[in-house]
Structures are given as structure tokens and as C-alpha cells.
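*Asks:* Here it is, the structure, as C-alpha cells.
The values are calculated or read from the model by the stated rules, or taken from the named source; none is laboratory data. Since the structure is predicted, the reported quantities are computational estimates derived from the model, not experimental observations. Every residue, glycine among them, receives a Cβ derived from its backbone with ideal geometry; neighbour counts consider all protein chains shown.
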Amino acid sequence: MMRIKNLQSLKGFQVQIKNRLLSTQVTAQKNLVGEDRVQLLTSVTSPFANSIALALKLKGVQYEALEEQFPNKSQLLLDSNPVHKSIPVLIHNGKPVAQSLVLLEYIEDAWPALEGENKRPAFLSTDPYARSLARFWADFINQKLIDTAARIMITVGDEHEKAKKEVVDHFLTLNRHMPPLAADSQSFFLGSQEMGMADIVLSPFVTLMFQPLQSICDFKFPDSSKCPPLYSWISAIQQHPIVKSTTPDPALIAQKMAFYRQVVTSRARQQ
Ligand SMILES: N[C@@H](CCC(=O)N[C@@H](CS)C(=O)NCC(=O)O)C(=O)O
């Protein structure tokens, strides 16, 4: 009974989103009859949202980016991700999908790999074990590395210092596991021709967080002599043309993050 009720409310909710989109964007919709309509609720400083933008570009999917203005949240965000109320959210033909790792799987399923003229890359290998490794590391990067790095940005005092130590540990852990993974399973760019799921999750950590964390939060990543594989990966990813085209202006990111950090520290001083 409960399940039926939830399904009904989900359907009602999807219709609600669809109607809202239809009423606000009738003209655009007219030009898209018979085509996919893809919208991404995003924010320029979000590594989670940036990985989805990167995934869509790698697959060659056209989409409309709708920028959230935090701390305010649009009604579309609240309606399309009522559980977490967070970005990224992808709205595909009126149907919302949330949580970046779920979204990456969705994108892989909805726009599967193609060969030939309309070539589209695969984010996951066809080998079940290699797929599980890629998912494991994508989850590690999402849950441990990026989430803890974000904590450096939003905390002060002991919690801030603890987050810094944890990020160094996670960075070293990733570095330690990268070479065998790259060689054996092509889970990482280092050993494969194309970017896979773990690369797509890790890339925005490098392009959006690596510099600002060090310049704004008085934090130091272990240097390249301690982590050759990870630094080779970083320089390879920075050269990737689609990564470059998806990376927002570093000056804008630095400015937004410095402002955010200032708000966090001045609030802490007032308490
Ligand atoms: N685990 C989530 C994390 C998403 C997340 O934390 N998004 C942030 C932006 S970077 C957000 O929307 N924060 C607003 C909030 O949670 O209130 C994912 O992978 O999608």
C-alpha cells in the first residue's frame, strides 16, 4: 500500500516538474520535439555537479545548465530533489535524477557507448570485476576525498585540522592504489585511453579544489615526489580537452571560495 502511494506521489511529482518546465519554456520546447531534453541543476563551484557536466560532454549530450544561487535554493531544486535538496540534479525529459554517482550510472545507461561515426565513450568496462573497482574508487573519491576536502572549507578549529589530516591520508591512499588499478583494470585514465567513472569523479577535485584549498585554507597536499602516479594523472587530466572546456575560470572559483571561507571564519569568530 505504502509502495503504491509512493509511486503515485512520484508520478504526480514528475508530472508537476514536467508541467512547470512546459509552462516556463514553451518556445524552447517547440524546437525540441522528438529530442531529449536535458537540464542540469548545478553550481559553478560544485565538484559533484562539475563531474556530471563533464560526463555529459564526454558523451556528447547537449544540456541546459541551470545555476543555483546558494544559500537560496530554487523551487525546481526543492521539487526535483526533495530528499537531499542538493545539486547536481539532472532532469531528463521531465524526470529528475539526483546524487552524482547515481547520475553517472544513469548517464552511462541512458547514453550507452557507440562505435562508428557517432562514437560515444563507455565510462565502465565490460568486465564485471573492473566495473566493481571503478565503482569502488568513484565512491571512495566522492565520499572520502571530496566530502572531507569540502569539510576543510566549511570548518574551523579542531574539526578543520582533523579534516586536513584525513584528506592527506585519502590522497596518499589513492596514490598507493592507482598504479595497479590503472595497469590491471583500466579503472583510471593513467592506463586507459578514455576517462572512466573514477576519473570523472576525481577530475573536478583537481580542477576546482586542489589550488583553492592550498591558497585559501593554508593546506598542503603531499608533493609530487611522494605521489608520482597521482601527479602524473593530475597533469594528464589537466591536458584533456573536454576537461579544459568544462572547467570554470579558476579566478572565479578562487574568488567564490575565498568569499565562502571568509563567511565561515567570521561566523566562527562571532560565536
Ligand atoms: N553526495 C552528493 C553530494 C552533493 C552535494 O553535497 N552538493 C552540494 C553542492 S557541492 C549541495 O548541493 N549543497 C547544498 C545543501 O546540501 O544544502 C552527490 O554526490 O551528489
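*Asks:* What single numbered condition from (1) more than 16 Å from the ligand (Cβ to nearest atom); (2) in contact (Cβ under 8 Å) with a residue 40 or more places away in the chain; (3) of a type in the set (A, V, I, L, M, F, W, C) fails to hold for L145?
*Replies:* The number of the failed condition is (1).
*Asks:* With within 12 Å of the ligand (Cβ to nearest atom), crowded, with 20+ Cβ neighbours inside 10 Å and over 15 Å from the mean Cα position of the chain (by Cα) as the only criterion, which of L104, L90, L77 stands out?
*Replies:* None of the other options fit; the residue is L77.
*Asks:* On to the next question. Taking the range 229-258 as the region of interest, how many residues are in contact (Cβ under 8 Å) with a residue 24 or more places away in the chain and over 25 Å from E161 (Cβ atoms)?
*Replies:* Count: 15.
*Asks:* Also, quick follow-up: When you check A110 against the structure, is it more than 16 Å from the ligand (Cβ to nearest atom) and modelled with pLDDT of 95 or more, yes or no?
*Replies:* Answer is yes for this residue.
*Asks:* For the range 194-271, list the helices (runs of 4 or more DSSP H) that sit wholly inside it and hold at least 2 residues that are loosely packed, with under 12 Cβ neighbours inside 10 Å and touching a helix residue (DSSP H, G or I) at 6+ places or on another chain (Cβ under 8 Å); which are they?
*Replies:* 241-246
*Asks:* Going by what's in this entry, would A134 be described as farther than 24 Å from G60 by Cβ and either in the same structural domain as V168 (by TED's automatic domain parsing) or within 13 Å of the ligand (Cβ to nearest atom) (or both)?
*Replies:* Criteria not met by A134.
*Asks:* Does the range 40-56 contain any residue that is more than 14 Å from the ligand (Cβ to nearest atom) and surrounded by fewer than 18 Cβ atoms within 10 Å (Cβ to Cβ)?
*Replies:* no
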